[in-house]
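Notes to accompany the following structure.
The values are calculated or read from the model by the stated rules, or taken from the named source; none is laboratory data. Nothing here was measured: the structure is a model prediction, and the numbers come from that model. Ideal geometry is used to build each Cβ from the backbone, glycine not excepted, and the neighbour counts take in all protein chains shown. Remember, those area values only see protein heavy atoms, side chains included, never the ligands or the DNA or RNA. Shrake-Rupley method; radii C 1.70, N 1.55, O 1.52, S 1.80 Å.
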Amino acid sequence: MALSLTRGVTANVVRCILQSGLDFKDFFRLDHQELANALGISPSYSVGFLDPSSREEALMAARREMQNIDRHKIKVLFIEDDDYPIRMANCHSAPIVVYQLGDCDLNGEHSIGIVGTRKLTPYGANFTHRLVKDLGEYFPDLCVWSGLAYGTDATAHTAALEEGRKTIAVVAHGLDTIYPAAHRDLAKRIIKSGGAILTEYPFGTRPYRGHFLERNRIVAWSTDATVVIESEIKGGAMSTAHHAFMENRDVFALPGRVTDPMSAGCNHLIRKQKANIITSAADLIEVTGWRPADVKITPSMRCLFPELEGDAMAVYDALRRSSEPMAIDELHVATRISIASLLGLMTELEFDGVVMKHPGNRYSPA
């Protein structure tokens, strides 16, 4: 915590300390000249952490913060810890520490960030609920990240709670408060359901505009994909999409009418090829390459692949459940479709890119 509270210390400085073999205790003990020499930088370099008084102030602040941490049972995750958001750890300006309230695993296998305007329309709200519901049926461990703000954020968190999925709210202030205050009950529900409230700011840090923009990068960097539901051309969600795009993360945007200002940002991201179009959960699954869990396909889940129905869907289900490519006779036994029908059907599915053909006339899902 003291490192994170020291002026001039960034994630790159922490990496430099580690690479130099310097002990963190030494970092706070050495004088100006000794520390500069140990880190291989010029003593005249104008940086706050070379000043011993700056480091001493950070230590005192960290000791005060420890009292708050212990009193409220908050977890402090250092950038080198195993339970720190691993997807974010190697990013250039990742927070040195994050503070977590709640027991949610921050490194689940399937995590998405859902962001967007505070002025969410019914179109965006309905899509958010459908996306979380459909993804959750395929991926029971789905974790939805957002920012606890009005509109899209609150809708994303609520959708996850209603579907029994974990959700993480990244806030732009210390954990001694919740902003907006109207979402205190939502924050309690998130924690009670096994989710978490996360921040990079210590107790007493008040929310202000710059913090919200900084908060956005945590949502973008801690997840596999960022989904922008609706956004004005200069909306805060656009910064989240930018952070994700710059770190080569998958970005998705829900297209909207060209006359709708709440869709202007999404349409811009798609036009500039900074986001994939998302119209269903199937779009996200295809781009991310997520492999669905071995769950029973329900009629409602079949709509994720509307181009497949009847015999085609039966064949696809059989191939997906198999750990090895299947031959025509094996598919016949599994689906009870005649071999004559299967021969023609497999050619069509291969042409459409649904299945792959292997040596020996065996097939697997594409």
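Between Lys192, Lys166, the distinction of being more than 19 Å from Gly113 (Cβ to Cβ) and modelled with pLDDT of 95 or more belongs to Lys192 only.
Within region 316-333, the set of residues being touching a strand residue (DSSP E or B) at 6+ places or on another chain (Cβ under 6 Å) and over 10 Å from Tyr363 (Cα atoms) comprises just one member, Arg320. Of the residues making up region 62-95, those that are surrounded by 14 or more Cβ atoms within 10 Å (Cβ to Cβ), assigned to a loop (DSSP other than H, G, I, E, B) and among the β-branched types (Val, Ile, Thr) are Ile74, Ile79.
Might you check whether a residue that is among the hydrophobic types (A, V, I, L, M, F, W, C) and either crowded, with 19+ Cβ neighbours inside 10 Å or under 28 Å from Ser280 (Cβ atoms) (or both) occurs anywhere in region 206-214?
Pass one, region 206-214, residues among the hydrophobic types (A, V, I, L, M, F, W, C): 212-213.
Those still in the list that are either crowded, with 19+ Cβ neighbours inside 10 Å or under 28 Å from Ser280 (Cβ atoms) (or both) too: none.
Scanning region 206-214, I find no residue that is among the hydrophobic types (A, V, I, L, M, F, W, C) and either crowded, with 19+ Cβ neighbours inside 10 Å or under 28 Å from Ser280 (Cβ atoms) (or both), so the answer is no.
Within region 236-249, residues that are without any contact (Cβ under 8 Å) to a residue 60 or more places away in the chain sit with their Cβ atoms under 6 Å from residues that are in a helix (DSSP H, G or I) and small (Gly, Ala, Ser), at 6+ positions apart or across chains, in these pairs: Met238/Gly265; His243/Ala220. Looking across region 142-173, the residues that are free of Cβ contacts under 8 Å to residues at least 60 places away in the same chain, part of a loop (DSSP other than H, G, I, E, B) and touching a strand residue (DSSP E or B) at 6+ places or on another chain (Cβ under 8 Å) come down to Leu142, Leu148, Arg165, Val171, Ala172, His173.
In this structure, is Ile178 open to solvent by 10 Å² or more (accessible area, probe 1.4 Å) and either in a helix (DSSP H, G or I) or at negative phi (or both)? Give the steps one after another, and end with the answer.
Working: open to solvent by 10 Å² or more (accessible area, probe 1.4 Å): yes; either in a helix (DSSP H, G or I) or at negative phi (or both): yes.
Answer is yes for this residue.
Is it true that Thr155 is modelled with pLDDT of 95 or more, open to solvent by 20 Å² or more (accessible area, probe 1.4 Å) and either touching a Leu at 6+ places or on another chain (Cβ under 9 Å) or not polar (S, T, N, Q) (or both)? Criteria met by Thr155.
When the test is whether a residue is at pLDDT 95 or above, within 21 Å of Gly174 (Cβ to Cβ) and not in a helix (DSSP H, G or I), Leu5 does not pass it. In region 219-250, what count of residues is obtained for those that are assigned to a helix (DSSP H, G or I) and within 23 Å of Lys119 (Cβ to Cβ)? Counting residues in region 219-250 that are assigned to a helix (DSSP H, G or I) and within 23 Å of Lys119 (Cβ to Cβ) gives 11.
Is it true that Val98 is surrounded by 23 or more Cβ atoms within 10 Å (Cβ to Cβ) and out of contact with any helix residue (DSSP H, G or I) (no Cβ under 7 Å at 6 or more places or on another chain)? So Val98 passes the test.
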